[in-house]
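Have a look at the structure below before the remarks.
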Amino acid sequence: MTDQTAPWWTAATAYQIYPRSFQDSNGDGIGDIPGIISRLDHLSDLGVGFVWLSPVFASPMADNGYDISDYRDIAPEFGTLDDMDRLIAEAKGRNIGIVMDLVVSHTSDEHAWFRAACESRDNPMRDFYIWRDPGPDGGLPNDIQSNFGGPAWTFHEPTGQYYFHLFDPKQPDLNWENPRVRAEVYAMMNWWFDRGVAGFRMDVIDLIGKEPDRGITADGPKLHDYLQEMHQQTLAHRDVVTVGECWSATPENALLYCGRDRNELSMVFQFSHVMAGWDETLGKWTRKPVALPVLKHSLARWQEVCAEDGWNSLFWGNHDLPRAVSKYGDDSPEHRADSARCLATALHLMKGTPYIYQGEEIGMTNVVFERIDQFRDVETLNFHRIQTAQGVSTEDFLAGANLNGRDNARTPMQWSDAENAGFTTGTPWIEVNPNYRQINVASDRASQDSVMARYKALATLRRNDDLIRFGDFVPFDLDHPQIMAYARRLGSQQITVICNLSSQSVTYDVPQDLRLSGVCAFTGRIIDVASQETLAPWEDIVVTG
């Protein structure tokens, strides 16, 4: 792959917006599309190439928009179709594409399809969803559990059958074995492409091939047939980007999704480095530190998998995950900014498309909620009920939720030290992190060595330098407990990256192949990388030569 043949998105830095929490324009406490438009210059200044926009479709908001009731309309709290068209156009005028969130493994139970399906067993829409008779004992069809806790089957008394939902009961799963379902989805996708969107992020797309009767929920036998059909019907011959959220993706099956000759997806979000910090029994609802060698081996393995084919997506966080600086860095006042910069450097100089989650560019941190009623996330509230019934104390549950719960990433974007962080003039739908007085866009911009300045520099490097886009990734000392070190090489060019991902100084014996005399990528100064380097906490060395 070269600059002449590579897709445009290989040079892009992506940015995820969670609309409810980004910018409110009308004082109702909920972020909206006009608010996003008002902040496009921030994204342009940051160097963003495309925005992944979490769902803004019509929705009753049981799962904050991931329960869609109309794929061709906008939720009133977010705006109108005219607002959406204006966002697409104004972003395009700044060379930013809008990538929408495609949620087609399930819909809302308030979607017209499901309402019709509930009318009778004979309704033509019945087979748009997955229905089963009660089991032999009159109970559940089987023991599959919802990802939000509890059974994945809910009984519909008027028609005497259970319907299947891998998430909340208000999110019934679509039946992808029905060709009419697939045709409706493809027509909807093309409708949005015709309106100018630059692609789709595909929510839990590895679940569309589910076969509940066989106990298969992810990575089903027909999954790749569906993805190839989708590509042929919607993506072929379009200059767009697709990224699939695939919790079941592994190094062994990754290229089935994103191999260049597979005609499926541009790239996948895989989560092996995320799940490395989860407890084997309680999942993410407990405290478990991630050892740096485990993290590095995971990231390096995926670099290896996509070295010659496919493409990596690079991310620390998103709307479902804790804040990067709190999870992988050090969010203390002493080290927060340094660790935010260092984490950005370590991730963004690898091969693949890097994703910035809103607020990451200023080093926003996890919030610390003291009461369960401060949470808004349906998953957190469901698991609190389940785990307290199992004997887990509320204190212990809160500790885990404050570390790994989804609301960490959903507190409002911190624009300034004004009331409510400049997010809204009303009452925010979820509380603002109290540290917004110190951590906000305005104060970060005023800093000479800001976190945002580092993100801008990294986006510029990716956009302009083929070495960053296409160079080989060569890791070193994967078992070192503090240092993440690698080289990127393209022909005779090399960039050396050495990051101290810890809150202690470290003296590092630099491997011969990383020693380099060249230019510091961020300051332009000439630097000699010696045989031994002492790095301060969260310091990085990045030299091109």
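Values quoted throughout were computed directly from the atomic coordinates according to the rules given, and no laboratory measurement underlies them. Bear in mind that the values here come from a model prediction, so they are computed numbers and not experimental data. Methodologically, a virtual Cβ is constructed for each residue, glycine included, from the backbone with ideal geometry; neighbour enumeration extends over all protein chains shown.
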The stretch 112-164, relative contact order [Cα under 8 Å, separation at least 6], % = 32
Only residues of the stretch 196-230 count here: report those whose backbone N is under 11 Å from the spot 7 Å along Cα→Cβ of Asn263, or say none.
-> 228-230
Amide proton proximity set for Gln161, modelled H, under 5 Å, gap of 5+ | His156
Of all GluC sites (Glu not before Pro) in the stretch 181-263, the ones in DSSP coil with at most 16 other Cβ atoms within 10 Å are Glu252
Here Rg/Rh (Cα, Kirkwood) for the stretch 185-232 equals 1.07
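Kirkwood Rh over Cα pairs of the chain into Stokes-Einstein at 4 °C, 1.567 mPa s: D in µm²/s?
In µm²/s, the coefficient is 53.
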In 10 Å bins starting at 0, how do the alpha-carbon pair distances of the stretch 471-544 split up by percent?
-> 21, 56, 22, 1
Using Cα atoms only, what is the angle between the long axis of helix 81-92 and the major principal axis of the chain, expressed in degrees (0 to 90) to the nearest 10?
-> 20
Once the Cβ-Cβ distance between Ala442 and Asp133 is put in as r, and R0 is 51 Å, what FRET efficiency do you end up with, to the nearest 0.05?
-> 0.30
Would you calculate, for the chain, the mean residue ellipticity at 222 nm contributed by helices, counting each DSSP H stretch of 4 or more residues as -39,500 (n - 2.57) and dividing by all residues, to the nearest 500?
-> -7500 deg cm²/dmol
Expected vector for the stretch 39-50, Karplus 3J(HN,Hα) from phi with 6.51, -1.76, 1.60 and θ = phi - 60°, integer Hz, x for Gly and Pro, equals 10, 4, 5, 4, 5, 5, 5, 6, x, 5, x, 8
Between Thr427 and Met188, what is the label-to-label distance in nm when each label sits 7 Å out along the Cα-to-Cβ direction?
-> 3.3
Taking the alpha-carbon centroid of each part, what is the distance from the stretch 34-111 to the stretch 467-481 in angstrom?
-> 35
With respect to the cross-link table entries Lys210/Lys327; Lys92/Lys456; Lys296/Lys351, which display a Cα-Cα separation exceeding 25 Å?
-> Lys210/Lys327
Within the stretch 452-467, what residues put their amide N at less than 18 Å from the label point 7 Å along the Cα-to-Cβ vector of Asp417?
-> 452
For the stretch 120-264, divide the Cα radius of gyration by the Kirkwood radius and give the resulting Rg/Rh value with two decimals.
-> 1.00
Can you tell me the order of 124-136, 478-490 when each peptide is scored by its average per-residue count of other Cβ atoms within 10 angstrom, highest first?
-> 478-490, 124-136
Using Cα pairs closer than 8 Å and at least 6 residues apart in sequence, work out the relative contact order for the stretch 5-46, in percent.
-> 25
List the trypsin sites (Lys or Arg not before Pro) within the stretch 165-263 that fall in a DSSP loop (any state other than H, G, I, E or B) and whose Cβ has at most 15 other Cβ atoms within 10 Å.
-> Arg195, Lys222, Arg238, Arg260
Considering only the chain, percent of DSSP beta bridges that pair antiparallel, nearest 5 = 60
Taking Cα pairs under 8 Å and at least six residues apart, what relative contact order does the chain come out at, in percent?
-> 13
Kindly list the residues of the stretch 358-372 that lie in the label zone of Ser393, defined by a backbone N under 17 Å from the point 7 Å along the Cα-to-C-beta vector.
-> 370-372
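Please sort by residue number the trypsin sites (Lys or Arg not before Pro) in the stretch 62-111 whose DSSP state is loop and whose Cβ has at most 15 other Cβ atoms within 10 Å.
Arg94
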What's the FRET efficiency of Arg463 with Arg214 using the Cβ-Cβ distance as r and R₀ = 35 Å, to the nearest 0.05?
-> 0.15
